[in-house]
1. What number of residues in segment 80-97 are at pLDDT 85 or above, in a helix (DSSP H, G or I) and either under 25 Å from residue 15 (Cα atoms) or in contact with a helix residue (DSSP H, G or I) (Cβ under 8 Å, 6 or more places away or on another chain) (or both)?
2. When you scan segment 9-22, how many residues do you find that are in contact (Cβ under 8 Å) with a residue 40 or more places away in the chain and surrounded by fewer than 18 Cβ atoms within 10 Å (Cβ to Cβ)?
3. Answer yes or no: is there a residue in segment 102-115 that is touching a strand residue (DSSP E or B) at 6+ places or on another chain (Cβ under 8 Å), closer than 19 Å to residue 39 by Cβ and at pLDDT 85 or above.
4. Just one of the numbered conditions (1) within 18 Å of residue 15 (Cβ to Cβ); (2) at pLDDT below 85; (3) within 10 Å of the chain's Cα centre (by Cα) is not true of residue 51; which one?
5. Note down all Cβ pairs under 6 Å where the first residue falls in segment 24-50 and is on the phi > 0 side of the Ramachandran plot and without any contact (Cβ under 8 Å) to a residue 60 or more places away in the chain, the second is part of a helix (DSSP H, G or I) and surrounded by fewer than 18 Cβ atoms within 10 Å (Cβ to Cβ), and they're at least six residues apart or on different chains.
């Protein structure tokens, strides 16, 4: 199972990451999404959270992201952490508004091995 929250800024994201740690999630189980890829990278680095890559998506999906538009890439990555297509579309709209989406999942490694995209 996974937990999804929408926050306004990096300060709120950091506070949420700390809260998630107190709830039993590790930083490696927390993912922060931002529409701007540079902002996303900076937040992931600053909060010491996980980046979505081959482990979460698999080789072909990760490679395919290089050829996708940012919105398509984000929805693909959200699906990799367990969201349904509908949820990914809904939360991508929040990213379009400049917000951040924080996902905590203890099952991401298993999802890549069991889910078909």
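The values are calculated or read from the model by the stated rules, or taken from the named source; none is laboratory data. Fair warning: this is a prediction, and the values are worked out from it, not measured in the lab. We place every Cβ from the backbone using ideal geometry, glycine too, and count neighbours over all the protein chains shown.
1. Total satisfying the criteria: 11.
2. Taking segment 9-22 as the starting set, the residues that turn out to be in contact (Cβ under 8 Å) with a residue 40 or more places away in the chain are 9-10, 12-13, 16-17, 20.
Applying the additional criterion that residues be surrounded by fewer than 18 Cβ atoms within 10 Å (Cβ to Cβ) yields 9-10, 12.
Residues flagged as in contact (Cβ under 8 Å) with a residue 40 or more places away in the chain and surrounded by fewer than 18 Cβ atoms within 10 Å (Cβ to Cβ) within segment 9-22 amount to 3.
3. Scanning segment 102-115 turns up at least one residue that is touching a strand residue (DSSP E or B) at 6+ places or on another chain (Cβ under 8 Å), closer than 19 Å to residue 39 by Cβ and at pLDDT 85 or above.
4. Only one criterion in (1) within 18 Å of residue 15 (Cβ to Cβ); (2) at pLDDT below 85; (3) within 10 Å of the chain's Cα centre (by Cα) is unmet by residue 51, namely (1).
5. Hits for this filter: 48/27.
For (1) part of a helix (DSSP H, G or I); (2) within 19 Å of residue 98 (Cβ to Cβ); (3) modelled with pLDDT under 85; (4) in contact with a helix residue (DSSP H, G or I) (Cβ under 6 Å, 6 or more places away or on another chain), each residue gets a yes or a no:
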{"residue": "6", "(1), (2), (3), (4)": "no, yes, no, yes"}
{"residue": "20", "(1), (2), (3), (4)": "yes, no, no, no"}
{"residue": "25", "(1), (2), (3), (4)": "no, no, no, no"}
{"residue": "32", "(1), (2), (3), (4)": "no, yes, no, yes"}
{"residue": "39", "(1), (2), (3), (4)": "yes, yes, no, no"}
{"residue": "56", "(1), (2), (3), (4)": "yes, no, yes, yes"}
{"residue": "65", "(1), (2), (3), (4)": "yes, no, yes, yes"}
